[in-house]
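Take a look at the structure set out below.
The values are calculated or read from the model by the stated rules, or taken from the named source; none is laboratory data. Treat the numbers as computed from the prediction; the structure is a model and nothing was measured. Heads up, the Cβs are rebuilt from the backbone with ideal geometry, glycines too, and the neighbour counts pull from every protein chain shown.
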Amino acid sequence: MAHQQDELNFDATIARMERRLEAAKTMRSILVDFPELRLEFMHSNVNSELDSPLNLRAPIRAKLANFARIRRFFKRHGNQWFQSSQIAHEVGLSRGTVATVLWTTHSTKFEQKPVPGAVKKKLWRMRPEFLEPNGKESE
């Protein structure tokens, strides 16, 4: 009985992967006709690979990609101070994802200070030594 259940689960996984492959082919076809949609697909697709049961390294790559996007944001804006909601909006990540990068996965690479007149809100910028990819720590 357990063997049959395993086969059903495996068959369901294969069917899902085949549907994803067909969807990827369709997306490729669309991008040939409308290349300007590439960025929209990329922004909406960054964390979807985390759902894949076969992609165990995806969370690590996603964290690095999120940090790289935030670092590019600060480089483009002269490393000025910004609220996390502003960063999230500009880089196309959720506020929760930005908060995870700022507070948890890369907290040593950012500086924070309170927003004047606010109790909990913070302003953020990168520590200057981490603005370049060859800083003290790798991404």
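Provide a single number: the residues in segment 108-124 that are in a helix (DSSP H, G or I) and more than 15 Å from Arg69 (Cα to Cα). Going through segment 108-124 one residue at a time, the tally reaches 1. Figure legend. Inter-residue proximity from segment 72-95: first residues touching a residue at least 12 places away in the same chain (Cβ under 8 Å), second residues small (Gly, Ala, Ser) and surrounded by 14 or more Cβ atoms within 10 Å (Cβ to Cβ), beta-carbon distance below 7 Å, spacing 6+ or different chains. Indicated pairs: Ser84/Ala99. For segment 81-98, taking the residues that are among the polar types (S, T, N, Q) and not in a helix (DSSP H, G or I), the one that is surrounded by the fewest Cβ atoms within 10 Å (Cβ to Cβ) is identified as Ser94. Of the residues Ile30, Ile70, Ile60, the single one that is of a type outside the set (Lys, Arg) and at pLDDT 85 or above is Ile70. Quick one: is Arg127 over 19 Å from the mean Cα position of the chain (by Cα) and at pLDDT 65 or above? For Arg127, the condition - over 19 Å from the mean Cα position of the chain (by Cα) and at pLDDT 65 or above - is met.
Is there a residue being under 30 Å from Ala23 (Cβ atoms), modelled with pLDDT under 85 and of a type outside the set (A, V, I, L, M) anywhere in segment 95-112? For segment 95-112, residues under 30 Å from Ala23 (Cβ atoms), modelled with pLDDT under 85 and of a type outside the set (A, V, I, L, M): absent.
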